[in-house]
Amino acid sequence: MAILHRLLIREKPRSGRHTSSGVITLATENNCKVKQRHHHPSETSNQLEIPEHIHSPSLEMLLRRLRAMEAQQDDKFASILDVVGEFGTFQRRLVVLTFIPNILLAFFMFADIFMFTAQKPYCNTSWILAINPNLSEAEQLNLTLPREPNGSFQTCLMYLPVAWDLDSIIQFGLNYTVSCQDGWIYPETKKRSLVNEFDLVCGKESNMEGVQTMFLAGLLIGSLIFGFLSDKLGRYPTILMSLLGLIIFGFGAAFVNTFHQYLFFRFVVSQALVCYAISSVCLATEWLVGQHRAHAIILEHCFFSMGVMFLTGLAYILPHWRLLFLVGGAPVFPLISYIWMLPESPRWLMLKGKLEAAKRVLCYAANVNEKTIPLSLLDKLQLPGKKVTKASVLDFYNNRHLRKVTLVMGCVWFTVGYSYFTMSLKLKDFGVNINLTQVVPGLMEVPARLCCIFLLEQIGRKWSLIVTLFQGSLMCLLILILPPGGEGGRLRWAAHYLAIELKSMMVLMIVLGEFSLAASASVFFIYTAELLPTVLRATGLGLVSLAWAAGAISSLVVIQQKLTFLPIFLCCISAFLALFLCFLLPETKDQPLSDTLEHYSLQMRNLAEELFTKEVVVDDGTVEVTKNTILNSMIQKSDFDILSNVSLQDASLQGRGEETDLLNN
């Protein structure tokens, strides 16, 4: 009974603390609500331990459950959020504030698609008007431009100007051709775009890919810089910095004078976009709890999809690209009010040693929700480990759990970025109207993201990510394997009755693929934010966002190579590796957030162990029931060991007695 004796001795101080804990009374303006909650300030220091000779998986599982319950009870911040209200007026207002900028994020992110509309250029040959200004446009083109074999005018060549009169030109004609000398004209164009603004024709068409590459490079650099700054300076200042970037470099793109200025503005605005995306997810994650956190991030992404439709509608109506930036970017100016409306994350404030600021923010939230935080509970809010928490980017290399999460999520995000951009580029090859290519996926992404709510509640974060990623990668692979439709593309390897045009099928598969990848992107942000500790959450999101930009850039490079096998190979390898690595991650549904690296390592270790240990269901989720379960199991185990030892001793004594009798005889 020595095991039971040690356990009872360890339980005595705990029971003493239990009886001496106070009763917290929550008072509101309209009525009084009383809640009794017992706090154990030092329970984590006196944790139950199973003796070394007992290796029952059930006991180990119960012990981990007990430690998780005690850690959750010891989380003063979670207790305060419970008092403030899980999803009151303050939290709803915070969620709405994060929704609005996402519409503008989508607008500025995909605006380049409508900046490079197809144009039919011709060399500017206004020199002939100096000879006869009464020439019509058709006569001018007919006299000064050479023709293609099919009879159409050439776009990049003109006849060499001569000092003849009009009759001589008509009689003898012009024979010597040169490249366009005085720019181009666009007689068939009804809208003004970057193409006819800066003459991006005749060898300059690759500037579209240059803009996309520059934009993705900005995302890559911004995710690293502003993820670090969000953890260093806070969520509130980095969100304001991102909104300032949208005002200056998003709205300001309407006033650029050269194409290189436009490239620079797009490079900077992409950094502002990723800065807001990372900081807003961190802010929502650290203010909301449970299912409200997942719902808020999903709805935030739904507004992003609505922003794509908002952009498409404006681009269809407005005839000038500068006017598009002016009208579409104007709503960013009211966001200046976020200086006075947006709160800072109290978790971040607490970890940085700003306890008074954290208490003020929590009290303000409670006041908005018409709640009152007891001073006794608020005074218990203190720094983890009695000191300011420090962390750096090197912890992603030194900490084994952080390193694993970063590598796995980086691989997943690379696959999503590569697959999404590959399908978007393939969709352009089918000649679908540019407005439909944005409206249809935008409409499909809203229900796709809303379906994530059902998936997350039924199968959890990990399996939701695996299911959506598998479906999206499968659609991408089929699109790359099947031959294109359109102009006579047919299944040569199938029977005659299957030899039909594949264009409609391919477009449908692309839409379904983007449907799945949109869902996986929402699950990815929720899952990654919950896996990372508060002290390095934004930095981690920034690091994995590097992989998304790398996947998108890889898609642009690979598609341009015109190689059939390479896109298929890269899609298969990245998807297989991402799906395989997802199984190594723990489930985070209904798990408390980690704040420090110490708590994070302990929690990740316990979650990882549950992947290989048989699940034990505890009917009553209270601490006392779990303790009694462990105690009874250990008593039974101890009694069995004692009875076994007594039986062995009796058998040994009996054997010795028989040997003595034989010797005496």
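Quick notes
- Conditions (1) touching an Asp or Glu at 6+ places or on another chain (Cβ under 8 Å); (2) open to solvent by 10 Å² or more (accessible area, probe 1.4 Å); (3) closer than 22 Å to SER594 by Cβ: number failed by GLN212: (3)
- The one condition from (1) open to solvent by 40 Å² or more (accessible area, probe 1.4 Å); (2) in contact (Cβ under 8 Å) with a residue 40 or more places away in the chain; (3) among the hydrophobic types (A, V, I, L, M, F, W, C) that ALA254 does not meet is (1).
- Count of residues meeting criterion [open to solvent by 60 Å² or more (accessible area, probe 1.4 Å) and within 22 Å of VAL95 (Cα to Cα)] in the range 304-330: 2
- Any hit, the range 99-118, residues being at pLDDT 75 or above, outside any helix (DSSP H, G or I) and not hydroxyl-bearing (Ser, Thr, Tyr): yes
Yes/no per residue for (1) out of contact with any helix residue (DSSP H, G or I) (no Cβ under 8 Å at 6 or more places or on another chain); (2) modelled with pLDDT under 80:
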position	(1), (2)
GLY540	no, no
GLY551	no, no
GLN561	yes, yes
LEU566	no, yes
CYS572	no, no
PHE583	no, no
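- Restricting SER280, SER305 to those that are touching a Lys or Arg at 6+ places or on another chain (Cβ under 9 Å), at pLDDT 90 or above, of a type in the set (S, T, N, Q) and closer than 16 Å to ALA521 by Cα reduces the list to SER280.
- Condition met for THR285 (over 20 Å from the mean Cα position of the chain (by Cα) and hydroxyl-bearing (Ser, Thr, Tyr)): no
- Selection of the range 133-163 for residues being modelled with pLDDT of 80 or more, part of a loop (DSSP other than H, G, I, E, B) and open to solvent by less than 60 Å² (accessible area, probe 1.4 Å) yields LEU135, SER136, LEU145, PRO146, SER152, GLN154, THR155, CYS156, PRO161, VAL162.
To keep it simple, each residue is scored yes or no on (1) among the aliphatic types (A, V, I, L, M); (2) open to solvent by less than 40 Å² (accessible area, probe 1.4 Å).
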residue	(1), (2)
PHE515	no, no
PRO533	no, yes
LEU541	yes, yes
VAL544	yes, yes
GLN561	no, no
PHE576	no, no
CYS582	no, yes
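- Yes/no for PHE265 being free of Cβ contacts under 8 Å to residues at least 40 places away in the same chain, part of a helix (DSSP H, G or I) and closer than 30 Å to ASP199 by Cα: yes
- Criterion violated by ASN175 - all others in (1) touching a strand residue (DSSP E or B) at 6+ places or on another chain (Cβ under 8 Å); (2) under 29 Å from MET115 (Cα atoms); (3) part of a loop (DSSP other than H, G, I, E, B) satisfied: (2)
- When the helices (runs of 4 or more DSSP H) confined to the range 371-441 are screened for residues that are modelled with pLDDT of 85 or more and of a type in the set (S, T, N, Q), those reaching at least 2 such residues are found at 400-428.
- Test: residue in the range 186-196 that is surrounded by 16 or more Cβ atoms within 10 Å (Cβ to Cβ), within 27 Å of PRO441 (Cβ to Cβ) and in contact with a His (Cβ under 6 Å, 6 or more places away or on another chain): yes
- Members of the range 331-348 found to be surrounded by 19 or more Cβ atoms within 10 Å (Cβ to Cβ) and under 18 Å from PHE255 (Cα atoms), listed by number: VAL332
- Test: ASN207 is surrounded by 14 or more Cβ atoms within 10 Å (Cβ to Cβ), touching a helix residue (DSSP H, G or I) at 6+ places or on another chain (Cβ under 8 Å) and at pLDDT below 80: yes
- Scan the range 315-338 for residues that are touching a helix residue (DSSP H, G or I) at 6+ places or on another chain (Cβ under 7 Å) and without any contact (Cβ under 8 Å) to a residue 24 or more places away in the chain and the total you get is 2.
- Some residue of the range 160-168 being within 53 Å of the chain's Cα centre (by Cα) and on the phi < 0 side of the Ramachandran plot: no
- The set of residues in the range 96-112 being in contact with a Lys or Arg (Cβ under 9 Å, 6 or more places away or on another chain) and either surrounded by 22 or more Cβ atoms within 10 Å (Cβ to Cβ) or within 14 Å of TYR338 (Cα to Cα) (or both) consists of PHE108, ALA111.
The values are calculated or read from the model by the stated rules, or taken from the named source; none is laboratory data. Because the structure is predicted, anything quoted here is derived from the model rather than measured. Cβ: placed from backbone, ideal geometry, glycine included. Neighbour counts: every protein chain shown. Remember, those area values only see protein heavy atoms, side chains included, never the ligands or the DNA or RNA. Shrake-Rupley method; radii C 1.70, N 1.55, O 1.52, S 1.80 Å.
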